[in-house]
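Notes for the one structure printed next.
The values are calculated or read from the model by the stated rules, or taken from the named source; none is laboratory data. The shown structure was predicted, so the numbers you read here are calculated from the model rather than taken from an experiment. Here the Cβ positions follow ideal geometry from the backbone for every residue, glycine too, while neighbour counts run over all protein chains shown.
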Amino acid sequence: MDTTNRCVRLAWGAAVGAAVLMAVAAAAAGQPGGAASAAPKAAPRDRNAALEYMTLQEQMDKNLSALVSEEWRPNEADWVPSEKLALMLEDNQRLIKRLIETSRLPNYDMQLRYEEGFSLVVPHLGHIRQFTRVLATDARRLALAGRGDEAVERLASVLRMARHVSDDRVLISSLVAVAVVSAAHKQAEQLAGEGLLGERARREYVRAARALLSDDPFGVARCLAMERTMAMQTMRPIVENSGAAAGKDIAAQLRRLQISSDGVKALATMTQEEVQTQVDLMDRFYAALVAAWGKSDTPARLDDLEKRLEAGDFGVLTREIGPALSRAHGSVDKAIKETRAIIALLEAAGQPAPQDEDEHPEQEHVEDQ
């Protein structure tokens, strides 16, 4: 070690101890056995996975993220990451392992500001999509290298991330969860079809997939209840505080949401009493949605509600911004069917996983890497 490095070491030693510098120096030099080059320690179980995701997004190699997005071909069965991308993934295993650890944490709370109503921002959903691409791409790389168990570990992490964001209680988060689950299932199906998954890998993925099949797999019922609250938190204060300008202020709010139509123009001319009626009708619509979700005849109920919505039974305001729940229900139903199908496919390829096993016990601890 030269004089400069010795001086640096002494300076650091005065502040944080020589052991820390030794670890950093070993990692920088690529020396094996240094504390910094060892696998990261397991995260405490009480850590908030949401905050971990945000931290990992900040630490994500931007070049890796860009190249994964550029090469991402989830619908092509013969897709293979380029050599450059494979090397970048290998170089970023510490971050990927931390992401896997984070997906196993039982606690998740993004602390969304629901009180902001329709102005609520959810930037973390883009991060979850990108994490999914990174994990699924790394899974394909590992499976092609004969490391099927490690590949499935990454795909199972995607399913756990989906369970996390399903707890956001906003519909867009649940739909993102649906999308990333579908992406993981597609990769698992392709790898299984190519004979790249062994018995242990199949069983692990089945456990993770089964954990999705709750009464409300993507938390949509809770989303509808929360979105009803958010809608009222957005609209009622405008009516109560704007007086004669309530119609104009409601129309301005919708324009900020990039909604512009004859309905918005009609709202702008309404009196305070008329706007209050519109808000009450919206509340009634959301109540009907909550009551309709999760029933054996949910598709029929949603179809009836949408017909009534178009007919004007729930007012102009609700027709302008009411969620397209039939489409959302179709996406959720498809994801549930895909989950059952991949379970059946993987079980048919080997010994079925025990029925009493699920991902919940596994998610309540973080294994050492």
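Here is the figure for region 70-92: residues that are touching a residue at least 24 places away in the same chain (Cβ under 8 Å) and of a type in the set (S, T, N, Q) total 2. Going by what's in this entry, would Ile321 be described as among the β-branched types (Val, Ile, Thr) and at pLDDT below 90? Yes.
Of the helices (runs of 4 or more DSSP H) that lie entirely inside region 262-351, those containing 2 or more residues that are among the acidic types (Asp, Glu) span 272-292, 298-311, 325-348. Filtered by the rule that a residue be surrounded by fewer than 17 Cβ atoms within 10 Å (Cβ to Cβ), under 23 Å from the mean Cα position of the chain (by Cα) and modelled with pLDDT of 95 or more, region 72-94 gives Gln93, Arg94. A residue that is in contact (Cβ under 8 Å) with a residue 24 or more places away in the chain, part of a loop (DSSP other than H, G, I, E, B), in the same structural domain as Phe118 (by TED's automatic domain parsing) and hydrophobic (A, V, I, L, M, F, W, C) cannot be found anywhere in region 242-259. Looking only at region 217-241, residues that are part of a helix (DSSP H, G or I) and under 30 Å from the mean Cα position of the chain (by Cα) come to 16 in all. State whether the residues of region 170-182 include one that is in the same structural domain as Arg129 (by TED's automatic domain parsing), touching a residue at least 12 places away in the same chain (Cβ under 8 Å) and assigned to a loop (DSSP other than H, G, I, E, B). For region 170-182, residues in the same structural domain as Arg129 (by TED's automatic domain parsing), touching a residue at least 12 places away in the same chain (Cβ under 8 Å) and assigned to a loop (DSSP other than H, G, I, E, B): present.
Within region 42-55, at least one residue is touching a helix residue (DSSP H, G or I) at 6+ places or on another chain (Cβ under 7 Å) and in a loop (DSSP other than H, G, I, E, B). Sub-7 Å Cβ pairs linking a first residue in region 287-304 that is touching a residue at least 60 places away in the same chain (Cβ under 8 Å) to a second residue that is buried (at least 19 other Cβ atoms within 10 Å of the Cβ) and assigned to a helix (DSSP H, G or I), at least 6 apart or interchain, are Leu289/Leu224; Leu289/Leu305; Leu289/Leu325; Val290/Leu224; Trp293/Val220; Trp293/Leu224, ordered by first then second residue. Picking from residues in region 28-71 that are at pLDDT below 85 and hydrophobic (A, V, I, L, M, F, W, C), the one that is nearest to the chain's Cα centre (by Cα) is Ala43. Of the residues Ala151, Ala136, the single one that is under 21 Å from the mean Cα position of the chain (by Cα), farther than 29 Å from Leu171 by Cβ and crowded, with 19+ Cβ neighbours inside 10 Å is Ala151. When Gly146, Gly126 are checked against the criterion of being out of contact with any Gly (no Cβ under 8 Å at 6 or more places or on another chain) and not in a helix (DSSP H, G or I), a single residue qualifies: Gly146.
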